[in-house]
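A short worksheet on the structure shown next.
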Amino acid sequence: MKIMSVESLTQLIAQYGFENYMSDLMEVIKEDFIRWETFTKMPRPAMHVPGGVLELMPICDNQQYYTFKYVNCHPKNPERGLLTVVASGQLSEINTGYPLFFSEMTLLTAFRTAATTALVSDLMARKDAHVLALIGNGAQSEFQVRALQLVRDITEVRYFDIDSKAMEKFAKNMSGSGLRLVGCKNAEEAVRGADIITVCTACKAHVDVINNEWVKAGVHINALGGDTVGKTELEVSILPRCKVVVEYFDQSFVEGEIQRLSKDEASTLIYAELHELVKGIKTGRSSQQEITLYDSVGIALEDYSALRFTYELAKKFEIGEEVNITPVLTNPKNLIAELNNNEKII
Ligand SMILES: NC(=O)c1ccc[n+]([C@@H]2O[C@H](COP(=O)([O-])OP(=O)(O)OC[C@H]3O[C@@H](n4cnc5c(N)ncnc54)[C@H](O)[C@@H]3O)[C@@H](O)[C@H]2O)c1
């Protein structure tokens, strides 16, 4: 089995190139959404604990691979010097059930979230969108901007975070990007006049990070931080003004911005699940005036894409450590022999 540590992934990205990795991952995600019906999937089970949530995200393609990701969200972790979101994941072959690949997924989550957001933005944002408002300048933020630049000619990023240190970090990281970086004193200043609004804040509560009256016609919103029970970012009155796309209704209804609606209201409001846009069954944007919303929660399919793509690259570039996570036996019924290798146990 191949193990992909943070160090190995960093090496892989350096070798393959950040931009190549992001754009190729976007293509892989697209391919996988096109075969949506072929997957066995389920809304992720979540366990809520004081200050956070722990989630498991399984999926099976019924042809080759089964994957799962373990992920958390603890918004107060940065106060202790820890990441809000960390993740790890596994890919197994379905013929035998043997695990083939175990990977760090904190970085992979940032990549796959940004790649999926860019994919959706390409389908829903105006072609002439140049100004991005980025609310929440934490771990996900730079990935989001770099991915969006692959699908739109972004010239200006208006950014805001309640933590001025996060804003400073973001500005420093993006300083060589050629983008016009406009630090804003509040979310309203960032949002007014923007063509695309990406909200990725972390707070386990219903917070009106974006107010309805700031949202103008023609804007596209990526709402990423409303992704578990009791955690949303948009003033709820924004929702009925939007053409809303979700990844997977059964999970999004529990976790997304739409959790604040009744099931009937949500079913009526939702325009499409993402796979319908990717397959071209439904149109992302039909006018310059429309307000579009990607109510993102993050689903197992995106992690499956990241795992299968990274596994292929890890084999190609021979990166990652080979370890036995399952016993290698000449007689598979003689498991006890594994323990007898070094010292006779029985
Ligand atoms: N939808 C998905 O697929 C997906 C994937 C990954 C992360 N997320 C979510 O995205 C969010 C951001 O994740 P992260 O890893 O960047 O977390 P992070 O803690 O590193 O960054 C979040 C930032 O939001 C800021 N913030 C909190 N409340 C704010 C407010 N009212 N206005 C402006 N800024 C505010 C914080 O100061 C922090 O800098 C989390 O809620 C996480 O659960 C969603």
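Observations
- All strands (runs of 3 or more DSSP E) inside the stretch 240-346 with 2 or more residues being open to solvent by less than 10 Å² (accessible area, probe 1.4 Å): 242-246, 291-295
- Subset of the stretch 211-246 (residues that are of a type in the set (D, E, K, R) and near the ligand (Cβ under 8 Å from one of its atoms)): ASP227, LYS231, GLU233
- Applying the criterion of at least 3 residues that are over 19 Å from PHE102 (Cβ atoms) and over 17 Å from the mean Cα position of the chain (by Cα) to the strands (runs of 3 or more DSSP E) found wholly in the stretch 27-85 leaves 46-49.
- Of the criteria (1) in contact with a helix residue (DSSP H, G or I) (Cβ under 6 Å, 6 or more places away or on another chain); (2) farther than 27 Å from TYR271 by Cα, which one ARG146 fails: (1)
- Boolean, ALA337 is more than 16 Å from the ligand (Cβ to nearest atom) and of a type outside the set (D, E, K, R): yes
- Subset of the stretch 216-266 (residues that are over 25 Å from GLY52 (Cβ atoms) and of a type in the set (Lys, Arg)): LYS216, ARG241, LYS243, LYS263
- Output for the stretch 86-116, where each listed residue is in a strand (DSSP E or B) and either of a type outside the set (Gly, Ala, Ser) or more than 25 Å from VAL199 (Cα to Cα) (or both): GLY89, GLN90, LEU91, SER92, GLU93, PRO99, LEU100, PHE101, PHE102, SER103, GLU104
- The single condition among (1) open to solvent by less than 20 Å² (accessible area, probe 1.4 Å); (2) touching a strand residue (DSSP E or B) at 6+ places or on another chain (Cβ under 8 Å) that LEU181 does not satisfy is (1).
- Some residue of the stretch 205-212 being in contact with a Ser or Thr (Cβ under 9 Å, 6 or more places away or on another chain), hydrophobic (A, V, I, L, M, F, W, C), farther than 25 Å from GLU257 by Cα and open to solvent by 10 Å² or more (accessible area, probe 1.4 Å): no
- The stretch 220-276: number of residues that are touching a helix residue (DSSP H, G or I) at 6+ places or on another chain (Cβ under 6 Å) and among the aromatic types (Phe, Trp, Tyr): 1
- Only residues that are more than 8 Å from the chain's Cα centre (by Cα), open to solvent by less than 10 Å² (accessible area, probe 1.4 Å) and hydroxyl-bearing (Ser, Thr, Tyr) were counted across the stretch 96-119, and they come to 1.
- If only residues of the stretch 120-143 that are within 13 Å of the ligand (Cβ to nearest atom), open to solvent by less than 10 Å² (accessible area, probe 1.4 Å) and in a helix (DSSP H, G or I) are counted, the one that is farthest from LYS185 (Cα to Cα) is VAL120.
The values are calculated or read from the model by the stated rules, or taken from the named source; none is laboratory data. Just so we're clear, the structure is a prediction, and the values are computed from it rather than from any experiment. Counting neighbours? That spans all protein chains shown, and the Cβs are built from the backbone with ideal geometry, glycine included. Remember, those area values only see protein heavy atoms, side chains included, never the ligands or the DNA or RNA. Shrake-Rupley method; radii C 1.70, N 1.55, O 1.52, S 1.80 Å.
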